[in-house]
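Asks: Handing you this structure, nothing more for now.
The values are calculated or read from the model by the stated rules, or taken from the named source; none is laboratory data. The structure displayed is predicted, hence computed values, not measured ones. Virtual Cβ from ideal backbone geometry, glycine too; neighbours counted across all protein chains shown. Areas reflect the complete protein model, heavy atoms only, side chains present, ligands, DNA and RNA absent. Shrake-Rupley method; radii C 1.70, N 1.55, O 1.52, S 1.80 Å.
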Amino acid sequence: MVEAIQGQTALPALAPPLSSYSFPARETLNYTVDWRVFPAGTASIHLEQQGSTMRITGSGETIQSLNLLFRVSDKYQSTFDLKTGCSYGFSKQIIEGRRQVNTDLKFDYGQHKSTQTEKNLVSGISKHEEAAIPGCVTDLLSAIFYAASQPIQMGQSFQMPLADALHTLSVAIKPLSHEEVKTPSGTYQTIRVQPVATSGVVKNKGEIWIWYTDDARHIPVQMRARLFWGTLTMRLSSIDQK
């Protein structure tokens with residue numbers, strides 16, 4: 001049964017990507033991942049245009065020396081419309097220690113609903129749920145690159161409706177400061193932003209910051225999440241045009 005969106009603050013409309021913004025035709029962003037000050041793993045995000053859509057695949061792995069203590073091998077996929085920014089779906093395959101879960105979230109704008117199927121690969125238990133959504137949303141992975149297609153300027157925040165599992169929440173992207181950032185791939189002039197929400201994953205699981213290059217491309221060269229068990233930092237190590 002589809003849950004109605006009731007009793008919550010009105011959601012903002014998803015503004016389309018700027019017509020002047022150019023998404024890469026094909027690109028892979030590679031990152032080192034540190035936990036506090038210690039090397040913890042690697043991550044990559046691949047973007048590829050497929051007709052009128054952008055397909056994004058992401059992955060994260062712990063380094064070999066940590067696998068015996070706590071192995072992480074996560075994969076993510078999402079797709080969004082290049083003209084509207086609307087996400088078509090988000091899926092993930094999670095291996096974190098003994099936890100192994102596959103989740104597939106799809107958006108049906110014609111019926112204004114999202115459908116989520118989740119399977120626990122350890123217990124074998126599956127569940128299927130539905131929830132109401134507005135006419136256009138972004139998702140947790142697409143949002144990083146959708147935000148890059150918007151004006152990012154000091155003193156000018158913007159909002160977007162983000163589908164977090166079976167909840168749609170309003171997330172504000174707040175530019176905080178201009179900063180020079182050194183990464184394994186080089187030194188960049190950036191603008192640091194913080195996604196801020198009143199509920200959902202961004203609110204309940206810590207704080208997140210993204211450093212976008214302060215130019216027309218808005219490449220996310222650094223990302224940081226401060227969680228209850230520590231701080232993870234992703235720094236760009238290389239860019240592949242393939």
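Asks: Hey, any idea what % of the chain's accessible area is carbon plus sulfur with a 1.4 Å probe?
Replies: The nonpolar share, carbon plus sulfur, comes to 53 percent.
Asks: Give the distance, in whole Å, between the Cα centre of the range 147-190 and the Cα centre of the range 70-103.
Replies: If you average the Cα positions of each part, the centres end up 20 Å apart.
Asks: On a 1.4 Å probe surface of the protein chains, which of Lys106, Lys92, Lys113, Lys83 comes out largest in accessible area, and what is the full order?
Replies: Lys83, Lys106, Lys92, Lys113
Asks: With a 1.4 Å probe and all protein chains in place, put Ser19, Ser238, Ser73, Ser52 in order of accessible area, largest first.
Replies: Ser19, Ser52, Ser238, Ser73
Asks: So what is the relative contact order of the chain, in percent, for Cα pairs below 8 Å that sit 6 or more residues apart?
Replies: 18
Asks: Over the range 76-118, what is the relative contact order in whole percent, taking alpha-carbon pairs under 8 Å and six or more residues apart?
Replies: Dividing the mean separation by the residue count of the range 76-118 yields 27 percent.
Asks: Would you count, across the chain, every pair of lysines whose alpha carbons are under 14 angstrom apart, provided the pair is eight or more residues apart or spans two chains?
Replies: 4
Asks: Right, next: Near Met54, within a Cβ-to-Cβ distance under 13 Å, what is the net charge of the other residues, with Lys and Arg +1 and Asp and Glu -1?
Replies: In short, -1.
Asks: FRET efficiency for Lys83 and Arg36, Cβ-Cβ distance as r, R0 = 45 Å, nearest 0.05?
Replies: With R0 = 45 Å, the Cβ-Cβ based efficiency is 0.65.
Asks: Excluding Glu118 itself, what net charge comes from residues whose Cβ is under 9 Å from its Cβ, given Lys and Arg +1 and Asp and Glu -1?
Replies: Neighbour charge sum, excluding Glu118 itself: 0.
Asks: I need to check one value: relative contact order of the range 123-236, counting alpha carbon pairs closer than 8 Å and at least 6 residues apart, in percent.
Replies: About 18 percent, as a whole number.
Asks: Continuing with this model, one more query. Rounded to the nearest 500, what is the chain's calculated 222 nm mean residue ellipticity when only DSSP H runs of at least 4 contribute -39500 (n - 2.57) each, over all residues?
Replies: -1000 deg cm²/dmol
Asks: Only one of the values (1) 20.2, 61; (2) 17.7, 51; (3) 16.7, 48 was calculated from this structure for Rg and Dmax of the Cα atoms in Å; name its label.
Replies: Step by step, Rg and Dmax of the Cα atoms in Å for this structure corresponds to label (2).
Asks: A follow-up question, please. Say R0 is 25 Å: what FRET efficiency, to the nearest 0.05, do Asp240 and Ile63 get from their beta-carbon distance?
Replies: Computed FRET efficiency for Asp240 and Ile63: 0.80.
Asks: Follow-up. Run the 1.4 Å probe and let me know the accessible area of Val196, rounded to the nearest 10 Å².
Replies: The accessible area of Val196 comes to roughly 50 Å².
Asks: Modelled label-to-label distance, Arg217 and Asp104, 7 Å Cα→beta-carbon offset: nm?
Replies: Simple spin-label model gives 3.5 nm for this pair.
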